1. What does the extension gain come out to for THR410 and ALA143, with contour length at 0.36 nm per residue minus their alpha carbon separation?
2. If you take the alpha carbon radius of gyration of the stretch 315-519 and divide it by 2.2 N^0.38 Å, what ratio comes out, to two decimals?
3. log10 I(q)/I(0), Debye, Cα-only the stretch 218-288, no solvent, q = 0.15, 0.21, 0.29 Å⁻¹?
4. How far is it, in nm, from the label point at GLN235 to the one at LEU491 when both lie 7 Å from their Cα along the line to the Cβ?
5. Can you list residues from other chains, or at least 5 along the same chain, whose modelled amide H is less than 5 Å from the amide H of ARG75?
6. Beta carbons within 10 angstrom, averaged per residue: use that to sort the peptides 454-465, 337-348, highest first.
7. Starting from the 7 Å offset along Cα-to-Cβ, what nm value, one decimal, do you get for the label separation of LYS291 and LEU463?
8. Could you rank the peptides 259-267, 188-196, 281-289 by their average count of other C-beta atoms within 10 Å per residue, with the highest value first?
Amino acid sequence: MTFAELVDRVASNGPFQFLHTVLLGLPILGMANHNLLQIFTAATPTHHCRLPPNASTEPWVLPMGRNGKPETCLRFAYPSNASLPNDTQVATEPCLDGWTYDVSSRDSIVAEWDLVCNSSKLKELAQSIFMAGILIGGLVLGALSDRFGRKPILTCSYLLLAASGSGAAFSPTFPTYTVFRFLCGFGISGITLSTAILNVEWVSTRMRAVKSIAVGYFYTIGQFILPGLAYVIPQWRWLQLTVSVPFFAFFLLSWWQPESIRWMVLSGRSPKALKTLRQVAAFNGKKEEGKKLSLEEIKLNTQKEVALAKAKRSVADLFRTPILRRMTFCLSLAWFSTGFAYYSLAMGVEEFGVNLYILQLIFGGVDVPAKFITMLAISYLGRHTTEAALLLLAGGCVLSLIFVPADLMTLRTVLAVFGKGCLSGSFSCLFLFTSELYPTVTRQTGMGISNMWARVGSMTAPLVKITGELKPFIPNVIFGSIALLGGSAALFLPETLNRPLPETIEDVENWSQRAKKSKQEPEAEKASQRIPLQPHDPGLGPS
């Protein structure tokens, strides 16, 4: 009996699955708020140079830009009534006395800490530091999760995000703010990894895709909640605090979350695993079925997996065999390109000239059909075909933005929304696909490394946007090309549709060998049908 059969026997598609999905999904609502929070807390308000102190006694005007509005980073060096040569009178200087901001609609960290003009890169740096926290968290918490269990890491991550998010709301300086945002990212990484693993390890094989997409919809709903909260709460500190405090409640709720049965058995905690299985069976109305389970039965049927789990596993195991090397390389590229291109669009809402709140609602809304179509595609077309198609379409949309004039805002918005929907579907597909490809003994490590590459991509994306100061089209060329490359890599991954989760590296090798045989057999049959009949040689006698 495999782990999947063990779970199916007592915990397949009952009330427990519904409650389990809700407990895992509710925090994902708030996680969307944190990931995209700087769209609103770091929005750049309309601003111009503050006039010199003596401007109240002398007439002073501001230079006008090409858009007919005052320059944002320059002011005239002399008052307009100064008796100076023409070339001297129009001389400009930087904003030596700071800036004046229009914060009538909302304030932000940009207005509070003057993250404009020469300091505008600090805004992108803050988002990159947040993503760096997610990256480092993936590396550290992935290994700790394998050692101490999925549940403790999940619980601690909830508490860390609640505390650091609240701390960011009270930050007195920009450096302090970035430290707390780094810790927020660190906590989010632990939540993401543990949720993804617990989600697939407590569900039947045929329901993995549905449950994975269901949890993904919580993130989508969170994207609807964020613009509503931002509209009602225009003060960035209160908004930061509002999206952080609920994680204290999630921290308490997580104590009712059961640990992974696979992890408990593989870690030598079979008695606790048996107790948990019986509790879940009773909750699902299968109490008698749960009583039939015995400790001896669990140990007998899982002794192979337990023996393999005792062997030391490391990142090197992901490169041990040719099939694992290919999987790791292609998955890393697919994850990197998805995170890279996704955050280039998701965090670039301000660039499309549409109302910030409405466009964020549209960006969140496109995830509803995108995830539904992705769920159908991965269930019927397969995982690797769906993943490749989503990334190739997203790359095409991003590259198309280069050729659409800036004044065609509607068309640019449509392309961006469609591309963002494809990338959102790519994330949903990859979380399921990766957990199905790696065997149990390296699954958490594989998920951690894959997630790391997504965060490297999302951390790099804000920095790549800075290249737009050289040529406006450069960022989209880079983002689109990388997405196309990731889509091409996904084509080389093996299919996992309707296959049980592999327990060992040998299971993955067997997959590969069976897949090769299934491809070779029809090719050999076609080849035999193409062999021409040999003409009769009269020297060999009668036919």
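The values are calculated or read from the model by the stated rules, or taken from the named source; none is laboratory data. Remember, predicted model here, so these are calculated numbers, not experimental data. No Cβ is skipped: glycine too gets one built from the backbone with ideal geometry, and neighbour counts run over all protein chains shown. To get the accessible areas, we keep the full protein, side chains included, count just its heavy atoms, and leave off ligands, DNA and RNA. Shrake-Rupley method; radii C 1.70, N 1.55, O 1.52, S 1.80 Å.
1. Details: separation 267, 0.36 × 267 = 96.12 nm, distance 4.58 nm.
Full extension of this stretch gives 91.5 nm more.
2. Working: Rg = 17.8 Å, N = 205, 2.2 N^0.38 = 16.6 Å.
The stretch 315-519 yields a ratio of 1.07.
3. Log-scaled intensity ratios, in q order: -0.71, -0.92, -1.20.
4. Here the answer is 5.5 nm between the modelled labels.
5. Sorted by chain and number, the residues that satisfy this are GLU93.
6. Details: 454-465: 23.0, 337-348: 26.2.
Going by the mean number of other Cβ atoms within 10 Å, highest first, we get 337-348, 454-465.
7. 6.2 nm
8. Details: 259-267: 23.2, 188-196: 26.2, 281-289: 15.8.
So the order, starting with the most tightly packed, is 188-196, 259-267, 281-289.
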